[in-house]
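**Q** Next up is a structure, given as structure tokens.
Just so it is clear, none of the values below were taken in a lab; they were calculated from the coordinates. On a predicted model such as this, the values are computed, not experimentally measured, just so you know. Counting neighbours? That spans all protein chains shown, and the Cβs are built from the backbone with ideal geometry, glycine included.
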Amino acid sequence: MNLSHLDSSGKAKMVDVSSKESTLREAKARASVFLSPSTFNSIKEGQMKKGDVLTVAQIAGIQAAKRTWELIPLCHPIPLSFIEVKLDLDEERTCVEIESYVRTMSVTGVEMEALVACSVAALTVYDMCKAQEKRIRISDLRLVFKSGGKSGIFQGE
């Protein structure tokens, strides 16, 4: 088996994508941040001391997607055409549901960008709430959709 990120001597390498065709590539990821009812209600009512948790986390997720190549060593810097990060409050489960969607016209996919967007958005929720609560749980980070490239479409849920 040939591993794409290893050279002939088994050392890590960046994959050469220079011969690949640019295609439309999309990815969607999700994550959940579980909170106590009191912290959840503070976010819902806009009463967190650090400010608007959902807006700050949304911006952080967008910013993170654009910098994925700086965070994940073997990722390529790619031009992102669109990034969307949504944060919704799930009252029944007292959690913040995060979903990111990333699109590009490029030679490599955007799965990592979508996952990094969700990760950083979730960590931002944590950071903005940690003074009020220490038992915050970030959970279920996952890729739920990808398209483009030779591997085609992946539909996770």
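**Q** Specify which of the listed residues (Ala57, Ala31, Ala27) is under 24 Å from Val144 (Cβ atoms), in a helix (DSSP H, G or I) and small (Gly, Ala, Ser).
**A** Ala57
This table checks each residue for (1) surrounded by fewer than 20 Cβ atoms within 10 Å (Cβ to Cβ); (2) out of contact with any strand residue (DSSP E or B) (no Cβ under 9 Å at 6 or more places or on another chain).
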site	(1), (2)
Gly10	yes, yes
Ser22	yes, no
Arg25	no, no
Lys49	yes, yes
Thr55	yes, no
Lys66	yes, no
Pro73	yes, no
Ile78	no, no
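**Q** Looking at Lys86, Lys49, which is the one that is in contact (Cβ under 8 Å) with a residue 40 or more places away in the chain and not aliphatic (A, V, I, L, M)?
**A** Unique residue meeting the criteria: Lys49.
**Q** Pick from Glu91, Glu99, Glu113: which is of a type in the set (D, E, K, R) and in contact with an Asp or Glu (Cβ under 9 Å, 6 or more places away or on another chain)?
**A** Glu99
**Q** Can you tell me how many residues within segment 102-135 are touching a residue at least 60 places away in the same chain (Cβ under 8 Å), assigned to a loop (DSSP other than H, G, I, E, B) and surrounded by fewer than 22 Cβ atoms within 10 Å (Cβ to Cβ)?
**A** 6
**Q** While we're here: May I ask you to list the residues in segment 136-157 that are closer than 14 Å to Thr39 by Cα, part of a loop (DSSP other than H, G, I, E, B) and not hydrophobic (A, V, I, L, M, F, W, C)?
**A** Once the filter is applied, which keeps residues that are closer than 14 Å to Thr39 by Cα, part of a loop (DSSP other than H, G, I, E, B) and not hydrophobic (A, V, I, L, M, F, W, C), segment 136-157 yields nothing.
**Q** Return the residues of segment 84-99 that are crowded, with 22+ Cβ neighbours inside 10 Å and over 12 Å from Ser32 (Cα atoms); say none if nothing qualifies.
**A** Val85
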